[in-house]
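The values are calculated or read from the model by the stated rules, or taken from the named source; none is laboratory data. Note that this is a predicted model, so its numbers are computed, not measured. Every residue, glycine as well, gets a Cβ built from its backbone with ideal geometry; the counts of neighbours run over all protein chains shown. Ligands, DNA and RNA are excluded from the accessible area calculation, which covers all protein heavy atoms including side chains. Shrake-Rupley method; radii C 1.70, N 1.55, O 1.52, S 1.80 Å.
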Amino acid sequence: MSKLAIISEFWDFLKARKKWWLAPIVIFLALLGALIIFTEGSAVAPFIYTLF
């Protein structure tokens, strides 16, 4: 299953079950994960980790 299929399936779940409150949580967690992954090898990493 491709990554786009997972996003599409999640969107269909939100529409069918009317669980719109889940969307901001999932988006925030995805952005936070991307931030940690992309900055782990850079010089900015110590400053990012002190925020949490």
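Report, to the nearest whole %, how much of the accessible area of the chain belongs to carbon and sulfur atoms, 1.4 Å probe, protein only.
Values: 3440 of 4590 Å².
Carbon plus sulfur share of accessible area: 75 percent.
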Original post:
Whats the longest run of the chain with zero trypsin sites (Lys or Arg not before Pro) that are DSSP loop and have at most 15 other Cβ atoms within 10 Å?
Top reply: 20-52
Subject >> Calculated [θ] (222 nm, deg cm²/dmol) that DSSP helices of n ≥ 4 give over the chain, each run adding -39,500 (n - 2.57) >> reply: -24000 deg cm²/dmol
Subject >> Helix 22-39 vs. the chain, principal-axis angle (Cα, 0 to 90°, nearest 10) >> reply: 30
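How fast does the chain diffuse by Stokes-Einstein, in µm²/s, taking the Kirkwood radius from C-alpha pairs at 10 °C and 1.306 mPa s? Write out the running numbers ahead of the final one.
Numbers: Rh = 12.9 Å.
Approximately 123 µm²/s, per Stokes-Einstein.
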Subject >> Rounded tilt (10° steps) of 3-17 against the dominant C-alpha axis of the chain >> reply: 50
Subject >> Heavy-atom accessible area per residue - the chain, 1.4 Å, Å² >> reply: 88
